[in-house]
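The values are calculated or read from the model by the stated rules, or taken from the named source; none is laboratory data. All values reported here derive from a predicted model rather than from experimental measurement. Note: ideal-geometry Cβ built from the backbone for every residue, glycine included; neighbour counts use all protein chains shown.
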Amino acid sequence: MSVTAHPTPAGTEEYQPVFVGATLEALGEILTRYPTRQAALLPALWLVQGARGWISDRNMAEVAEVLGLTPAYVKGVVTFYTMYHQHPVGRHFVQVCTTSPCNVCGAEDVVRALLEATGANELGATSPDGNWTVIEVECLGACGFATPILVNDDFIESVTPDKVPDLVRKYK
């Protein structure tokens, strides 16, 4: 399987393919575990996001090309699932559950504390230092331990505004 670089609009750098070297090898290994290339779409997208931090339209087109799918199909999958980033995010991606049970327990105060402590200032924005992006999510499945958050892949339960400064220091 080979993927070649494709030029981008005038005045910009040439697109650097994701599926080369170790990433291409990882994709090859993934493809052995699925009955069709289409079935490997989600893990292929994880490879892209792991390599680039987010999935651009050009990355979606590359995935489509490598898996023999249409770019529209791949974009439909990326836009359906909230775990795929469609724009650059901070080094630490923070998801805060703000569903009703967590809101009753102070989730909005946790969100405000996180935005202030990280410097992200608003939901979905990245902090000026590039380290933090904070978003709200629907239910992290820990209603008995409100307010739960995810920092990258770390699940943290029972977060309160007063715990936020220590959490942010932990990830610096």
For this session: Go through the stretch 126-138 and give me each residue that's farther than 19 Å from Met83 by Cβ and either surrounded by 16 or more Cβ atoms within 10 Å (Cβ to Cβ) or among the basic types (Lys, Arg) (or both).
Result: Ser127, Asn131
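Listed here are the residues, each with its yes/no results for (1) out of contact with any His (no Cβ under 9 Å at 6 or more places or on another chain); (2) in the same structural domain as Glu157 (by TED's automatic domain parsing); (3) not hydroxyl-bearing (Ser, Thr, Tyr).
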{"position": "Ala40", "(1), (2), (3)": "yes, no, yes"}
{"position": "Leu47", "(1), (2), (3)": "yes, no, yes"}
{"position": "Ala51", "(1), (2), (3)": "yes, no, yes"}
{"position": "Ala64", "(1), (2), (3)": "yes, no, yes"}
{"position": "Tyr73", "(1), (2), (3)": "yes, no, no"}
{"position": "Phe80", "(1), (2), (3)": "yes, no, yes"}
{"position": "Gly106", "(1), (2), (3)": "yes, yes, yes"}
{"position": "Val111", "(1), (2), (3)": "yes, yes, yes"}
{"position": "Asn121", "(1), (2), (3)": "yes, yes, yes"}
Exercise. Do we find that Val96 is modelled with pLDDT of 95 or more and either in contact with an Asp or Glu (Cβ under 7 Å, 6 or more places away or on another chain) or in a loop (DSSP other than H, G, I, E, B) (or both) in this structure?
Worked result: yes
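So that you can scan it fast, the table gives a plain yes or no per residue for (1) closer than 28 Å to Val48 by Cβ; (2) not hydrophobic (A, V, I, L, M, F, W, C):
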residue	(1), (2)
Val96	yes, no
Ser100	no, yes
Ala113	no, no
Thr118	yes, yes
Thr133	yes, yes
Cys143	no, no
Asp153	yes, yes
Lys163	no, yes
Lys172	yes, yes
Problem set entry | Selected residue [surrounded by 12 or more Cβ atoms within 10 Å (Cβ to Cβ), at pLDDT 95 or above and more than 22 Å from Arg91 (Cα to Cα)] from Val3, Val78, Val74 | Val74
Exercise. Failed condition for Val66, given (1) closer than 30 Å to Val94 by Cα; (2) assigned to a helix (DSSP H, G or I); (3) at pLDDT 95 or above, with all others met?
Worked result: (1)
Seminar exercise, completed: Listed by first then second residue, the pairs whose first member lies in the stretch 131-154 and is farther than 19 Å from Val89 by Cα and free of Cβ contacts under 8 Å to residues at least 12 places away in the same chain, whose partner is in a loop (DSSP other than H, G, I, E, B) and of a type outside the set (Phe, Trp, Tyr), with beta carbons under 7 Å and at least 6 positions apart or on separate chains, are none
Exercise. Given (1) on the phi > 0 side of the Ramachandran plot; (2) at pLDDT 95 or above, where does Asn59 come up short, assuming only one miss?
Worked result: (1)
For this session: Scan the stretch 67-112 residue by residue and report those that are of a type in the set (Lys, Arg) and touching a residue at least 40 places away in the same chain (Cβ under 8 Å).
Result: Arg91, Arg112
Exercise. Looking at the stretch 108-117, is at least one residue modelled with pLDDT of 95 or more, β-branched (Val, Ile, Thr) and outside any loop (DSSP other than H, G, I, E, B)?
Worked result: yes
